[in-house]
1. Evaluate the range 179-188: report whether one residue or more is at pLDDT 95 or above and among the charged types (D, E, K, R).
2. Every residue in the range 129-156 that is hydrophobic (A, V, I, L, M, F, W, C) and more than 11 Å from the chain's Cα centre (by Cα), please.
3. Please verify whether the range 212-228 includes one or more residues that are touching a residue at least 24 places away in the same chain (Cβ under 8 Å) and touching a Ser or Thr at 6+ places or on another chain (Cβ under 7 Å).
4. Sort out which residues of the range 25-47 are of a type in the set (Phe, Trp, Tyr) and open to solvent by 50 Å² or more (accessible area, probe 1.4 Å), and write them in order of number.
5. Six or more apart or on different chains, Cβ atoms under 6 Å: show the pairs whose first residue is in the range 113-129 and touching a residue at least 40 places away in the same chain (Cβ under 8 Å) and whose second is of a type in the set (Val, Ile, Thr).
6. Anything in the range 55-77 that is at pLDDT 95 or above and in contact with an Asp or Glu (Cβ under 6 Å, 6 or more places away or on another chain)? List them, or say none.
7. Against the definition (closer than 16 Å to ARG25 by Cα and in contact with a Leu (Cβ under 8 Å, 6 or more places away or on another chain)), how does ARG109 come out, yes or no?
8. If the Cβ limit is 8 Å and pairs must be 6+ apart or interchain, which residue in the range 90-111 that is without any contact (Cβ under 8 Å) to a residue 60 or more places away in the chain pairs with which residue that is of a type in the set (A, V, I, L, M)?
Amino acid sequence: VAMLTAPKPLAGQRVLVTAGGTVERIDPVRYITNDSSGKMGFAIAEAARDRGAEVTLVCGRTETTAPNGIRVVKAESAAEMHEAVMERLAATDIVFKAAAVADYRPLHRATQKMKKTTDQLSLELVRNPDILQAIGEWKETNGGKPFVVGFAAETTDVEKHALDKLNRKKCDLIVANNVAEAGAGFGSETNIVSVYGQGGLVEHVPQMTKRAVAERLLDIVQADVKGTVK
Ligand code: CTP
Ligand code: CA
């Protein structure tokens, strides 16, 4: 009954969430990835769905199963995620860029399983496209939409790096977490984040479940997008 009567403040809003770590293939059986579990992104997607939004979840490698009532788009590599996100931007009102995108991918991807021959092996890596940066640039030439929430995973100087990313990638908000802190970051059931906007710190969210963090983030976004979306 509570669910049926719950207010739907995001009704009519199209929300795109990216979650999980990207997988960058070396050969058919080996790859580079990271410790992202996808839990933060999934929690945001579920919270937005429950507030009435039409949610698309673009996900890389995750430990979580696809939630009901959410359109799930699989994207293995950063390149695939880049394409999946860009082609949906025109039909998106709010983006949450929670995925842990690999910064580099192997320069060459072997089509057959690599054989061991030498005692040493170097793997040459090349930079991946920065999807969040591309969204920020797209926005500038497309009427300032969608509203963009970036994330920053840091282990030192969290505020400094987060504000730098906010400005460089032209996000509306950036959600920073210290991934080395107990109770926060990759794989954890809880998170501790600080949300920054153009004017500096918006809110420090103390340790709570990722779902509760998601609800706080949606409250902040709803207050911010009022009047700018639709
Ligand atoms: N991001 C992205 N595409 C990339 C790298 C990062 O879209 N190729 C996004 C992430 O999804 C996140 C934000 O950028 O929303 C910050 O990611 P993070 O790894 O913290 O920052 P980087 O800009 O990659 O900088 P660095 O890893 O050097 O700290
Ligand atoms: Ca990175």
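1. No, there is no match, as no residue in the range 179-188 is at pLDDT 95 or above and among the charged types (D, E, K, R).
2. Listed by number, the residues that qualify are ALA134, ILE135, TRP138, PHE147.
3. No: the range 212-228 contains no residue that is touching a residue at least 24 places away in the same chain (Cβ under 8 Å) and touching a Ser or Thr at 6+ places or on another chain (Cβ under 7 Å).
4. TYR31
5. So the pair list comes out as LYS113/VAL29.
6. Residue satisfying the conditions is SER77 alone.
7. no
8. Between residues of the range 90-111 that are without any contact (Cβ under 8 Å) to a residue 60 or more places away in the chain and residues that are of a type in the set (A, V, I, L, M), the close pairs are LEU107/LEU125; LEU107/VAL126.
The values are calculated or read from the model by the stated rules, or taken from the named source; none is laboratory data. These numbers were taken from a predicted model, which means no experiment stands behind them. Glycine gets a Cβ as well: all are built from the backbone with ideal geometry, and neighbour counts include every protein chain shown. These accessible areas exclude ligands, DNA and RNA; they are computed on the full protein's heavy atoms, side chains included. Shrake-Rupley method; radii C 1.70, N 1.55, O 1.52, S 1.80 Å.
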